[in-house]
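The values are calculated or read from the model by the stated rules, or taken from the named source; none is laboratory data. On a predicted model such as this, the values are computed, not experimentally measured, just so you know. Methodologically, a virtual Cβ is constructed for each residue, glycine included, from the backbone with ideal geometry; neighbour enumeration extends over all protein chains shown.
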Amino acid sequence: MRLLFVASLHHPQALEDARRAAPPGEDPLFPPSQAQHFWVRALRRQGHDCAVFWRSESALPWVRTRQLRMTQRITPARAIGALAGRVPALNPDIRLRNRRLIAQARAFQPDAIILIGDNRVILPDTLARLKREHGAALIYASGTSPVVFSHAIERAAAPLYDLALTNDFYHAVQWRELGARRVEALPLAAIDPDFHHPFALSEDERRRYGCEIGFVGTLVPDRLYSERIAALEALRDFDLGIWSVHEVPASLRPFYRGAALGADMLRATAAGKIALNPHGDFMRWGGNMRLFEACGVGAFQLVDDRPGVREWFRDGEHLVVYRDHDHLRELVRYYLAHDDERRQIAEAGRAHALAHHTYDHRMARLVELIEDARSKA
């Protein structure tokens, strides 16, 4: 199949670095910091042709794509972006981007268009036109809640989605209520064994990333990550290391070690004795990227109790689930004192992820779903 991704580029420098490091004949479409990098690798292995349209790239030549960095502060760029996005159909730049997508689709002739979540650019009329002109199935894929994160144009386009794909069961229910023809709760994240693997760390890397408890991820805005922040705050009397490309709350800044993307993110995840993984407040079912990646790199993972976690992994065998802060502290103390048990669980978690949660597994199922959606479109 010919698959056209429509997405935002979050880390342009990481994409440039990936392209420079790629072996001859391999052209990365996404940076490794975005899950779709691994989607494309797996889809290409299965014989599919992939292309991407960057909806985040301005059609105005003097506007440069910047790296995404979340903050709670009101900045001029955020204010201008919010105003420009209030009525996207009246924004000349957005209308030009929609025309560019139509032109790229006409040249590529996709069998399916995979629209990645947080779309504030591509208008419902454009999506309807693409479906009419190409007979392409429209797949919407998002790891976040439409109640919390979606834009008005995403919700308005929901009846056009032949398939809404989400890793959280509760999010799937929400998209169905918004009018998507079919929804599927399938983890959007997994592991790529060529990338997510144990690392032999140098002495310098051990000094840089080593800690008792490590966390890599997003912590702002605090209204969406309050449970994550509280879990980290409950462990401030331990040797805690935090890495994020975004802003960090004041209460946790003493533990901030810097940004970590791509392989650096995986080294930071693997280097600590314990990889802590509290989900965002909006992921009640669970299934964030770190859940699978931590197992892939052979880290011992402590994760908050979510139904999906227990569906995909076995507590105490592949990872360990905590119920509340007292339980978390009890588990931290216990496993810091029991190296052999940590190692055994980490090894079992990696073996389980390799057997059941690779991107080859995910994309094989995605292709089945797309083919079914195309047959009913």
Task: Out of Glu154, Glu247, sole residue that is charged (D, E, K, R), at pLDDT 95 or above and more than 30 Å from Leu43 (Cα to Cα) - done: Glu247
TODO: Take segment 42-62 and flag every residue that is at pLDDT below 95 and either in a strand (DSSP E or B) or in contact with a helix residue (DSSP H, G or I) (Cβ under 7 Å, 6 or more places away or on another chain) (or both).
DONE: Ser58, Ala59, Leu60
Open item on the list: Given the criteria part of a strand (DSSP E or B) and either among the basic types (Lys, Arg) or touching a Pro at 6+ places or on another chain (Cβ under 9 Å) (or both), does Phe195 qualify?
Closed with: no
Open item on the list: Can you pull out every residue in segment 355-377 that is more than 22 Å from the chain's Cα centre (by Cα) and in a helix (DSSP H, G or I)?
Closed with: Glu371, Asp372, Ala373, Arg374, Ser375, Lys376
- [ ] Residue by residue through segment 166-195, note down the ones that are within 15 Å of Met289 (Cα to Cα) and not charged (D, E, K, R).
- [x] Thr166, Asn167, Ala185, Leu186, Pro187, Leu188, Ala189, Ala190, Ile191, Pro193, Phe195
Task: Unique match (being at pLDDT below 95 and under 26 Å from Leu201 (Cβ atoms)) among Leu232, Leu261, Leu219 - done: Leu261
TODO: Would you be able to say whether some residue in segment 64-73 is modelled with pLDDT under 95, assigned to a loop (DSSP other than H, G, I, E, B), of a type in the set (Ser, Thr, Tyr) and farther than 30 Å from Leu186 by Cβ?
DONE: yes
TODO: Scan Gly272, Gly258 and give me the residue that is touching a Gly at 6+ places or on another chain (Cβ under 8 Å) and closer than 25 Å to Ala346 by Cβ.
DONE: Gly272
Open item on the list: Looking at Pro32 and the list (1) under 17 Å from the mean Cα position of the chain (by Cα); (2) farther than 24 Å from Ser142 by Cβ, which single condition is not satisfied?
Closed with: (2)
Open item on the list: Which count do you get for residues in segment 2-16 that are surrounded by fewer than 17 Cβ atoms within 10 Å (Cβ to Cβ) and under 11 Å from Leu261 (Cα atoms)?
Closed with: 1
- [ ] Determine if segment 280-287 includes at least one residue that is surrounded by 22 or more Cβ atoms within 10 Å (Cβ to Cβ) and in contact with a strand residue (DSSP E or B) (Cβ under 7 Å, 6 or more places away or on another chain).
- [x] no
- [ ] Could you identify the single residue in Leu261, Leu219, Leu232 that is touching a residue at least 12 places away in the same chain (Cβ under 8 Å), under 24 Å from Ala337 (Cα atoms) and of a type outside the set (Asp, Glu)?
- [x] Leu232
